[in-house]
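Written out below as structure tokens is the structure these notes cover.
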Amino acid sequence: MRDLIRKLPKVELHLHLDGSLRGRTVLELAENRGLELPTYSLEELMEYLQVNDNCNSLAEYLEKFELPLKIMQTKEALTRVTYELIEDAALENIKYLEIRFAPLLSTEKLNAEEVMKAVLAGIEQGESDYDLQANLILCCMRHQDPSKSIEVAQLAIEYLDQGVVGLDLAGDEANFPPEEHEEAFKLATEAGLHRTVHAGEVAGAESVKKAIDYLNAERIGHGIRSNEDKETLETVKESGVTLEVCPTSNLHTNVITNLVQHPIREYYELGIPVTVSTDNRTVSDLTLSQEYLLLYEKLGFSLTDIWNLISSGIKASFITKEEKEKLIVNFKDEFKNITDYSL
Ligand SMILES: [Zn+2]
């Protein structure tokens, strides 16, 4: 089953660039720039980049981004880490990928335009070497001033149709409510940019409702606490938003204490569109195939269920209707060849 899942064509929609750097690359890029690292042993370095079983909160989890962000301050680094992420995804047969990152967190030396061009160059190289299409989602950060979010929205709009497809709100959900960033998401909506918002991860159902009501979210990052309030659950169902669920990440941020408690099955059975992602490959030491295997082994998802999750991901992706239809047809063929399953 492990091998079969790895071979299945997949999409991943919730994946942070800064949480998915290869350890060896962090070492090499730091050495090239003469940057000081807490250790130069790869094994020890991974402890700074990955969570362990003692991680107790989202705040602790977010500390794992400090070192990658120190590295992601040059054009060379940005292009390389983007390319490598596409390579890692392609090696487990991901065919469509939405990579998200906060461009303003890489502007210690570069300007935002340089940051965008460097990341887009990584995508272009990745797409030319692998059979994978990738797009970008730009992240506004909750803790930053709302004017920064407007700046990110304007940047996303500038690069709309040139590799950027959406806007996200990420960061400390517990202390910074979504409505402060309403203006940025209004601009995005008006310009035809797609919207996804991290909500219902650390904060409760109300945060999900606000993401839909104030930020016009089409997808919710996590959203797993939507079931804490009946009205919110109804809103989620009626609005047709898709939940981007990342089970292992939820375990690592302590939103759930045991994978078997994860509500993904409940949402799936309620008919709420759900797509599965890793959130951060390096922080959680995870691949998308491993995530699907967990659903199969621990949460009773059959191969047909897995196909339904993958096709939900295609439907919720921020690409055109024609591109989605093409992916569905190609995926069905590939699925049939791999599994002998007729969908
Ligand atoms: Zn996330």
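Coordinate-derived values only; no laboratory data. Being a predicted model, the structure only gives us computed values, none of them experimental. Note that each Cβ is placed from the backbone with ideal geometry, even for glycine, and that neighbours are counted across all protein chains shown.
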Mind checking which aspartates and glutamates have their Cα closer than 17 Å to the Cα of Lys321? Skip sequence neighbours fewer than 8 apart in that chain. Glu98, Asp161, Glu218
Stick to the Cα atoms of the chain, pair each with every other, and give me the Kirkwood hydrodynamic radius in Å at one decimal. 20.0
Beta bridges by DSSP in the chain, antiparallel share as percent, to the nearest 5: 0
Just tell me which aspartates and glutamates come within less than 17 Å, Cα to Cα, of Lys75; anything on the same chain fewer than 8 places away is out. Asp18, Glu28, Glu31, Glu84, Glu108, Glu113, Glu114, Glu124
Summing -39500 (n - 2.57) over every DSSP H run of at least 4 residues in the chain and dividing by its residue count gives a helix-only mean residue ellipticity at 222 nm, to the nearest 500 deg cm²/dmol, of -14500 deg cm²/dmol
Distance violations [Cα-Cα > 29 Å] among Lys7/Lys315; Lys148/Lys326; Lys95/Lys210; Lys7/Lys326; Lys10/Lys117; Lys117/Lys186: Lys148/Lys326; Lys95/Lys210
Taking K and R as +1 and D and E as -1, what net charge do the other residues with C-beta under 11 Å from the C-beta of Leu288 add up to? -2
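Can you list which of the DSSP-assigned H helices in the chain have a Cα extent of 24 Å or more along the long axis and an average Kyte-Doolittle score of at least -1.0?
Span-like helices, by this rule, are 112-129.
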Taking the Cβ of Cys139 as the center, what net charge do the other residues with Cβ under 10 Å away carry, scoring Lys and Arg +1 and Asp and Glu -1? 0
Order of Ser302, Ser239 - criterion: other Cβ atoms within 10 Å of each residue's Cβ, fewest first: Ser302, Ser239
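Please give me the summed charge of the neighbours of Ala153: other residues whose Cβ is under 9 Å from its Cβ, Lys and Arg +1, Asp and Glu -1.
Counting the neighbours of Ala153, the net charge comes to -1.
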With a cut-off of 8 Å between alpha carbons and a minimum separation of six or more residues, what is the relative contact order of the chain in percent? 19
Highest-fluctuation residue, Leu270, Leu17, Leu327 considered, GNM on the chain with Cα pairs under 10 Å: Leu270
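Can you put Met72, Met46, Met116, Met141 in order of Cβ neighbours within 10 angstrom, beginning with the fewest? Please report the intermediate quantities before stating the final value.
Working: Met72 27, Met46 16, Met116 23, Met141 19.
In increasing order of surrounding Cβ atoms, one gets Met46, Met141, Met116, Met72.
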If R0 = 30 Å, then Asp131 and Glu28, at their Cβ-Cβ distance, give a FRET efficiency to the nearest 0.05 of 0.65
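Please report Ser57, Ser277 as a ranked list, fewest other C-beta atoms within 10 angstrom at the top and most at the bottom.
Ser57, Ser277
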Between Tyr341 and Ser57, what is the label-to-label distance in nm when each label sits 7 Å out along the Cα-to-Cβ direction? 4.1
Estimate the FRET efficiency between Glu297 and Asn111 by the formula 1/(1 + (r/R0)^6), using the beta-carbon distance for r and 35 Å for R0, to the nearest 0.05. 0.15
For Glu180, placing the label point 7 angstrom along Cα-to-beta-carbon and taking the range 133-157, residues whose amide nitrogen sits under 17 Å are 139-153
